[in-house]
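The values are calculated or read from the model by the stated rules, or taken from the named source; none is laboratory data. Being a predicted model, the structure only gives us computed values, none of them experimental. With ideal geometry, Cβ positions are generated from the backbone for all residues, glycine too; neighbour counts draw on all protein chains shown. Surface areas here come from the heavy atoms of the whole protein model, side chains and all, with no ligands, DNA or RNA. Shrake-Rupley method; radii C 1.70, N 1.55, O 1.52, S 1.80 Å.
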Amino acid sequence: MNYIKLLNAAFESFYFDDRLNPTHISLYMALFQEWNSCRFMDEFYVNRRDVMRCAKIGSKSTYHRCIVELDSWQYLSYFPSNNPYKGSKIKMAIIGTSNEPVVGQYNPILEKLAEQYHPRSVPLEGHHHPKNGQVVNLHRPEDGQALVSETNNIKQENYIKQPKGWQAVFVFFEEKGFDADEAKKFFEHYQTRNWQTGDGKEIRDWRAVAINWMDRTEIFDEENKLNKKQASQIKDNLRTTKNKDYGQPL
C-alpha cells in the first residue's frame, strides 16, 4: 500500500463529502493511523478507549454514532464485538479517484511538497540538514518502496504479556482514574489464571486486557446506578399516608 496515495485519496473524498464533520474526519484519521500501524492489513482490531483518546472524542455516543455513519457511507466496515479481549473489527475501504491500483512507487515530488509546509526552524525527527539547507530524510525509501511508518515496530516492542508486579498494575489503574481495590481485583483474577484468557490462550498485552476490564467496570457501575434509581422510583410510588380525605371525589 502507498501511504501518501491512500491519504490523498481520503482527503479528496472528504473535500467533496458535505455529510462529514470534524469529528468524522478525526475518527477516520485515528483509524487510518491504526491501519498504517498494522501494515495495512485487510482487517484489524481496535480498542474503543484508545481510538477515542487518539481522535480526541470524549463521548461514547458520539464515537458510536460517527463510526456507524462512516460505515454506512462506505469509508470503512465496522464489526462491533462483544468479546472484550478482541475489540471491534475494522476493515478500511480502499478509496481511489480512478481505476488504478493503490499500490505505487515512492514519489519524491509529493514528499518535497509536504516538506514545504513544515517550519524550517523546527528540525524533523529522523532528518538532517546539510549546508545547503535541504531537508534530507535518513529513512527515505529507495527503489520504489512505499512510505510506511515505523510505528508498528515500536508498538509490537511495547507489548507486555504480564505485569512486573502488583505495583505496576496499581500505577496503571491509578493513571486511568481507578482505585487500588479495582487494580487488586484485576491482578488477583489473572494471577490465579496464569495470565491466560478464558479460552486458555496466553494474554498478549496485559494493559489492553486491563483497559477492557475498566470498560466493563464502568458499564457495570452505570447499570447498577440505573437499577437503583428505578427501584427508588418504584418505592416512592408505593408510599401511602394515613391522613386520607374520603370526601374528595374520585
Looking at (1) at pLDDT 85 or above; (2) in a helix (DSSP H, G or I); (3) polar (S, T, N, Q), which is the one condition that is false for Asn224?
-> (1)
Count, please, the residues in segment 172-188 that happen to be in a helix (DSSP H, G or I) and either surrounded by 11 or more Cβ atoms within 10 Å (Cβ to Cβ) or among the aromatic types (Phe, Trp, Tyr) (or both).
-> 11
Identify, by number, the condition in (1) within 14 Å of the chain's Cα centre (by Cα); (2) surrounded by fewer than 19 Cβ atoms within 10 Å (Cβ to Cβ) that Ala30 doesn't meet.
-> (2)
Test result for Gly200, at pLDDT 70 or above and either open to solvent by 90 Å² or more (accessible area, probe 1.4 Å) or more than 24 Å from the chain's Cα centre (by Cα) (or both) | yes
Test Asp17 against the criterion of being modelled with pLDDT of 90 or more, open to solvent by less than 50 Å² (accessible area, probe 1.4 Å) and charged (D, E, K, R), and give yes or no.
-> yes
Using beta carbons and a limit of 6 Å, which pairs, at least six apart or on different chains, have the first residue in segment 20-47 and in contact (Cβ under 8 Å) with a residue 12 or more places away in the chain and within 23 Å of Arg207 (Cβ to Cβ) and the second one among the aromatic types (Phe, Trp, Tyr) and crowded, with 17+ Cβ neighbours inside 10 Å?
-> Cys38/Phe44
